[in-house]
Amino acid sequence: MSEKKRDTNDPGRNTGVATKVRPKTKRPSMYRVLLLNDDYTPMEFVVAILQQVFNKSSEDATRIMLHVHQNGVGVCGVYTYEVAETKVVQVVDAARRAQHPLQCTMEKV
Ligand code: TYC
């Protein structure tokens, strides 16, 4: 066992240069989707949105809606950019179609 250990990416030369391949993966940035309070959108509409767009249970949806109602803003979920963007559009579209002023935005975590 006198043979030097070989660098798997430098077969047989052992130049001492670090050549190990490390696939350069980056974790995606995450974005909070925020729901904003207003005085006009019905509570039931907000709860339905939270269930349909954000896959919340009835209990979680109600809790988030009440949090937004009492605090002015609340987090619906944290997603990658494209998913967050899609959910914001779904909320704003549904609100506009129902003629409610409900607003939804996203921010980088
Ligand atoms: N404040 C609204 C009401 O009293 C309810 C509401 C909750 C509206 C959350 C928007 O994001 C919202 N009818």
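A few notes on this one:
- Estimated distance in nm for a label pair at Ala48 and Glu85, the labels positioned 7 Å out from Cα along Cα-to-Cβ: 2.8 nm
- Net charge, Leu50 excluded, C-beta distance under 10 Å - Lys, Arg +1, Asp, Glu -1: +1
- Order of exposure, largest accessible area first, which applies to His69, His100 with probe 1.4 Å: His69, His100
- Each other residue within a Cβ distance under 13 Å of Asp93 adds +1 if Lys or Arg and -1 if Asp or Glu, for a net charge of +2.
- The trypsin sites (Lys or Arg not before Pro) found in the stretch 22-109 that occupy coil by DSSP, while having at most 12 further C-beta atoms within 10 Å, are Lys24, Lys26.
The values are calculated or read from the model by the stated rules, or taken from the named source; none is laboratory data. What you are looking at is a predicted structure, and each value in this text was computed from that prediction instead of being measured. So basically every Cβ, Gly included, is an ideal-geometry build from the backbone, and we count neighbours across all protein chains shown. To get the accessible areas, we keep the full protein, side chains included, count just its heavy atoms, and leave off ligands, DNA and RNA. Shrake-Rupley method; radii C 1.70, N 1.55, O 1.52, S 1.80 Å.
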